[in-house]
1. Residues 23, 18: which one is farther than 23 Å from residue 111 by Cα and buried (at least 17 other Cβ atoms within 10 Å of the Cβ)?
2. Need pairs with beta-carbon distance below 6 Å; first residue at positive phi and within region 132-143, second assigned to a helix (DSSP H, G or I) and exposed (fewer than 13 other Cβ atoms within 10 Å of the Cβ); sequence gap 6+ or separate chains.
3. Whether any residue in region 52-74 is under 16 Å from the mean Cα position of the chain (by Cα), within 23 Å of residue 131 (Cα to Cα) and free of Cβ contacts under 8 Å to residues at least 12 places away in the same chain is what I want to check.
4. Out of all the residues in region 106-147, which are in contact with a helix residue (DSSP H, G or I) (Cβ under 8 Å, 6 or more places away or on another chain), in a loop (DSSP other than H, G, I, E, B) and more than 18 Å from residue 63 (Cα to Cα)?
5. Would you call residue 2 farther than 27 Å from residue 113 by Cα and at pLDDT 90 or above?
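The values are calculated or read from the model by the stated rules, or taken from the named source; none is laboratory data. Everything numeric here is computed off the predicted structure, so don't read it as measured data. Virtual Cβ from ideal backbone geometry, glycine too; neighbours counted across all protein chains shown.
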């Protein structure tokens, strides 16, 4: 489910089954802009595909957007508040997707950015599918973990 009026209506009807929040992390920068734009685009592409695969279990939250030069402790605190709020609202599992190697904490799914700009569409789909599959395996592993 996505953060749209239609999907939020469906979410409200099936809230007890939607236990996972998917938060894409999108970095912004004034230097090396193209690389960071590519990271954000890549993460959103993967996030949308994961949401499609797990529709009914996962809510795709709007991106957590941040400046790469933000003070790290303040940034982590801001993200912690997001995750805390999501947890308070019934999401037992919260996964953050990122293509930015600065994020390495538990609960983060790192997706190495792929330079897809000049790649053939067929090959691009294969590469994206492989990363989606790896991320989905991580989710399934966490969902089936004994508490």
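1. Step by step, each of 23, 18 is checked, and only 18 is farther than 23 Å from residue 111 by Cα and buried (at least 17 other Cβ atoms within 10 Å of the Cβ).
2. none
3. There is at least one residue in region 52-74 that is under 16 Å from the mean Cα position of the chain (by Cα), within 23 Å of residue 131 (Cα to Cα) and free of Cβ contacts under 8 Å to residues at least 12 places away in the same chain.
4. Those that are in contact with a helix residue (DSSP H, G or I) (Cβ under 8 Å, 6 or more places away or on another chain), in a loop (DSSP other than H, G, I, E, B) and more than 18 Å from residue 63 (Cα to Cα): 114, 115, 116, 117, 119.
5. So residue 2 fails the test.
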